[in-house]
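Remarks on the structure that follows.
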Amino acid sequence: MVTVRTRSWSRPRSIADAERGRVFPVVNAVLLSIVVLVTVYPFATIVARSFSGEGEIRSGQVSVIPRGFNLTTYKLVMSDATFWVNYRNTVVYTVTATVVAMVLTTCYAYVLSKKNLKGRGALIGIAVFTMFFTGGLIPNYVLVTSLGLKNSVWAIALPNAINVFNLLVMKAFFESLPGDLEEAAAVDGLSTYGILLRIVLPLSKAVIATMVLFYSVTFWNSWFSAFLYMDRVDLFPVTVYLRNLIAGAATATSVGSSKDSLAQTAANIQAVTMVLTVLPIMLVYPFIQRYFVSGVMLGAVKG
């Protein structure tokens, strides 16, 4: 019996894999570039409008390049005392609320990461339950008011202190840390708080930086809580200032403009305020971004 061996003329698997390996980065780069363009274009338009003149904006000449370059509206907005008071309030609210949120979220997540903790399932269930069910707007307002938190920073910080998604990410990250480290620290005489402060937190810089970014951006952009619980203009954050401009509750005269410049400010005052509002976050983000991917991935690989 003669056995006939056929020769395969297909390309070796290694060559095909290498070609696919070269194609994927190109396709990935193209798709991500499209996503970046779609994401950046609206903001670039806002920036261009903030530096453009009234006539050019009305005639539709402004896209991503400023037309009729001027700084009149920037000068008017930045000369308004209310804008800077609200800006200061935003910084205070964001820093205070982020610190409170990080302390509570870190402590809660560290507790939930202990699998031998009695009642651990109930504590996780309570946290997850709040992701799907809330008391509602009116009960929350009545609760905050009855506790005497209205017109204070605590009305913003405490009701939103723990984000369950952030909590679960930190919990998973703490669970991924080697248990032998904590056992060795306990043998050396460290208490539970000592282990958390001197062992766990120094090893958790990536996830902590990521959570700080999440919370700070959330509180910086938040306006509804302040709009609901603050009765005085001098207590508003800058996002409420911006909201009032967009909703038409504030006119050009509120920024101290003269009659000659009313037409100029009417077209791009909102764009100027948007740019000034997001600027701090844009400046801070590059310093935290390097922790972002590692923090989320390390906290998400384990449930």
| Burial ordering of Thr72, Thr105, fewest other beta-carbon atoms within 10 Å first | Thr72, Thr105
| remark: Of 135-147, 106-118, 155-167, ordering from highest average Cβ density within 10 Å down gives 155-167, 106-118, 135-147
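Mind sorting Tyr215, Tyr193, Tyr285, Tyr87 by how few other Cβ atoms lie within 10 Å of their own Cβ, fewest first?
Ranked by crowding around the Cβ, least crowded first: Tyr193, Tyr285, Tyr87, Tyr215.
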| note | Phi-derived 3J(HN,Hα) across region 102-119 with the Karplus relation (6.51, -1.76, 1.60, θ = phi - 60°), rounded Hz, x for Gly and Pro, is 5, 4, 5, 5, 5, 5, 5, 5, 5, 5, 5, 6, 8, 5, 8, 6, 6, x
| Given the Cα-Cα distance of Asn160 and Leu31 and 0.36 nm per residue of separation, how much length would full extension add, in nm? | 42.9 nm
| message | Need one number: nm distance between label points at Lys205 and Phe224, each 7 Å from Cα along Cα→Cβ, rounded to one decimal. | response | 3.7
| Can you work out ³J(HN,Hα) from phi for every residue in region 36-51, in order, using Karplus 6.51 cos²θ - 1.76 cosθ + 1.60 and θ = phi - 60°, giving whole Hz and x for Gly and Pro? | 4, 5, 5, 6, 7, 4, x, 5, 4, 5, 4, 4, 5, 5, 5, 9
| said: List the pairs from Lys150/Lys205; Lys118/Lys171; Lys114/Lys150 whose alpha-carbon separation is above 26 Å, in the order I gave them. | reply: Lys150/Lys205; Lys114/Lys150
| Between Leu279 and Trp84, what length in nm is gained on full extension when 0.36 nm per residue of separation is reduced by their alpha carbon distance? | 68.8 nm
| remark: To the nearest 0.05, the calculated FRET efficiency linking Gln61 and Asn140 through their beta-carbon distance, R0 being 35 Å, is 0.15
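Values in this text are rule-based calculations from the coordinates and carry no lab data. Computed from a predicted structure; not experimentally measured. Every residue, glycine as well, gets a Cβ built from its backbone with ideal geometry; the counts of neighbours run over all protein chains shown.
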